[in-house]
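Laboratory data are not the source of any read-out in this text; all were calculated from the coordinates shown. Being a predicted model, the structure only gives us computed values, none of them experimental. When we count neighbours, we look across all protein chains shown, and the Cβ atoms used for this are built from the backbone with ideal geometry, even at glycine.
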Amino acid sequence: MYRKIMKRKISTYLIISVFAWCLSCSVQAPEVKVTGEKSALENQVIGTYEQIEEDTWMVASVRSTGQKQEKKVSPEQKRILEAMKNRQFNKDDIDELKRDGAIGESMRGFLEIRPHERLNSDPVYSKRVTDLIAEENRDRETVMNRIAESSTNASKEEVYSIMARYNFEKAEPGTWIQLDSGEWVKKK
C-alpha cells in the first residue's frame, strides 16, 4: 500500500513536472525594443542629404581633374552644390566656434549663438560668429528645403527636425545642443 501511494505521488509529481516544463517551453514572441533605429522617413531624408553630399564631391572632382562635364548642372542644382561646398569650406571655423561654446545646434536644425563672454568683449569675434552663423544657416536652409521638395513624404518641419537629430549625432562631445524641451545641454 505504501508503494502504491509512493507510485501515485511520483506519478503525480512527474505529470505536474512534465506539464510545468511544457508550459515553460511554449513558444513566446520575445520582447523587442528598438532603440537607435531610424524610421523610413528619416532614412529617406538622410539618404537624400548624403546623395547631395556625394553629388557635390562628384562635381568637384570632375572640375578639379579638368574632365569635360558630361551633364549640365541646372541653376537649382548649382545653388544646392554651392551651399554644400560653402558648408564644407566653413566647417573648420564652425567646429572651432562649437568647441569655444559660442554656438550650438538648435532643435530646428540650425546654429544658434550661445551666451559667451567673448561675444560681448570682442567685437571682431562677435561679427565673425554672427556672419558665420548667418552663412551656415542660409546654406542649411537651402539644402533642407531642397530635401523637403524632393521628398514626397516629408514636410519642411519634419526635414528640419530630422536634420537637427542628424547634426546632434555628428556633433563632437562638448557641443551645445538644444533638446526638444528647449533646454540647452552639452553633448556627452
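Checking the cross-link pairs 78/186; 85/127; 91/127; 78/187 against a 29 Å limit on the alpha carbon distance flags 78/186; 78/187 as lying beyond it.
Relative to a virtual label point 7 Å from the Cα of residue 40 in the Cα→beta-carbon direction, which members of the range 137-166 show backbone nitrogen distances below 14 Å? Answer for this model: 152-154. From the Cα gyration tensor of the range 121-188, with a ≥ b ≥ c the square roots of its eigenvalues, which class applies: rounded if a/c is under 1.5, or else prolate if a/b is larger than b/c, or else oblate? It is oblate, given that a/c is not under 1.5 and a/b is not larger than b/c. Fully extending the segment from residue 85 to residue 180 would add 31.3 nm, taking 0.36 nm per residue of separation and subtracting the current Cα-Cα distance.
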